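The values are calculated or read from the model by the stated rules, or taken from the named source; none is laboratory data. These numbers come from a predicted model, not from an experiment. As a convention, Cβ positions derive from the backbone with ideal geometry for all residues, glycine included, and neighbour counts pool all protein chains shown.
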Amino acid sequence: MIAELQTFFIAMTPIGELRASIPVALEVYHLPVKTAFVFSVLGNMVPVVFLLLLLGPASEYLSHRWYRFNRFFVWLFDRNRKNHQKKFEVWKELALVILVAIPLPFTGAWTGSICAFIFRIPFKKALPLIFLGVLIAGVIVTTLTLKLF
């Protein structure tokens, strides 16, 4: 059970996510494929729930407390919305799923959660879209791991 928990916690990290947890579970801990996949996906989704629920209130709280924080985040969010809003309108929900599903650095569930916050996608809509992306990424990483090793 320790290997499963370690896989779960590796999947929770913003850098590692599934890209690290599945190969480690399969090659280091020698977990069965199904077990590695399930614990990795579940571990990757835990931070998503907290990020989607807490980014808004935390940002609002900090914006009201510190002027520089407010100024920086207004600039950051406005800039990102301007630069990517048209792409997002064309691709809509598929854009979020694809962003999460591509198993490369700076993509994944953490980035998808931040994008959902920036583009004001409601929790009830963002959570299943991110979950679908995580499932797709899990299949891709599992397949690549099995083929490479």
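Hey, could you check the range 1-14 for residues that are without any contact (Cβ under 8 Å) to a residue 60 or more places away in the chain and not in a helix (DSSP H, G or I) and say which is surrounded by the fewest Cβ atoms within 10 Å (Cβ to Cβ)? Break it down into steps so the answer makes sense when it comes.
Taking the range 1-14 first, the residues without any contact (Cβ under 8 Å) to a residue 60 or more places away in the chain are 1-13.
Narrowing further to those that are not in a helix (DSSP H, G or I): 1, 13.
On the way: 1: 5, 13: 15.
Selected residue: 1.
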So, in the range 102-132, exactly how many residues are surrounded by fewer than 22 Cβ atoms within 10 Å (Cβ to Cβ) and assigned to a helix (DSSP H, G or I)? 14
Residue check, residue 63 hydroxyl-bearing (Ser, Thr, Tyr), in a helix (DSSP H, G or I) and in contact (Cβ under 8 Å) with a residue 12 or more places away in the chain: no
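Select from the range 30-69 the residues that are within 19 Å of residue 149 (Cα to Cα) and surrounded by 15 or more Cβ atoms within 10 Å (Cβ to Cβ) and write down the one among them that is nearest to the chain's Cα centre (by Cα). Lay out the reasoning, then the answer.
Filtering the range 30-69 down to residues within 19 Å of residue 149 (Cα to Cα) leaves 30-37, 40.
After this cut, where a residue has to be surrounded by 15 or more Cβ atoms within 10 Å (Cβ to Cβ) as well, the list is 31, 35-37, 40.
Working: 31: 23, 35: 20, 36: 18, 37: 16, 40: 12 Å.
Filtering first and then ranking leaves 40.
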What are the residue pairs meeting all of these: first residue in the range 122-141, first residue under 18 Å from residue 57 (Cα atoms), second residue assigned to a helix (DSSP H, G or I), Cβ atoms under 6 Å, and 6 or more apart or on different chains? 123/52; 126/52; 126/116
One residue is enough: does the range 76-83 have a residue meeting the conditions within 25 Å of residue 135 (Cβ to Cβ) and either in contact with an Asp or Glu (Cβ under 9 Å, 6 or more places away or on another chain) or surrounded by 13 or more Cβ atoms within 10 Å (Cβ to Cβ) (or both)? no
In the set 35, 107, 7, 111, the lone residue that is at pLDDT below 95, closer than 17 Å to residue 139 by Cα and among the polar types (S, T, N, Q) is 107
Within the range 90-101, does at least one residue satisfy the condition of being surrounded by 15 or more Cβ atoms within 10 Å (Cβ to Cβ) and in contact with a His (Cβ under 9 Å, 6 or more places away or on another chain)? yes
Test for residue 87: is it modelled with pLDDT of 95 or more and not hydrophobic (A, V, I, L, M, F, W, C): no
Checking 57, 47 in turn, the sole residue that is in a helix (DSSP H, G or I) and either within 29 Å of residue 7 (Cα to Cα) or at pLDDT 95 or above (or both) turns out to be 47
Out of (1) surrounded by 15 or more Cβ atoms within 10 Å (Cβ to Cβ); (2) modelled with pLDDT of 95 or more; (3) more than 18 Å from residue 136 (Cβ to Cβ); (4) of a type outside the set (Asp, Glu), the one residue 20 does not meet is (3)
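Does the range 49-56 contain any residue that is without any contact (Cβ under 8 Å) to a residue 24 or more places away in the chain, among the aromatic types (Phe, Trp, Tyr) and farther than 30 Å from residue 141 by Cα?
Of all residues in the range 49-56, those without any contact (Cβ under 8 Å) to a residue 24 or more places away in the chain come to 50, 54.
The next check asks that each one be among the aromatic types (Phe, Trp, Tyr); those that pass are 50.
Imposing the further condition that a residue be farther than 30 Å from residue 141 by Cα reduces the set to none.
No, there is no match, as no residue in the range 49-56 is without any contact (Cβ under 8 Å) to a residue 24 or more places away in the chain, among the aromatic types (Phe, Trp, Tyr) and farther than 30 Å from residue 141 by Cα.
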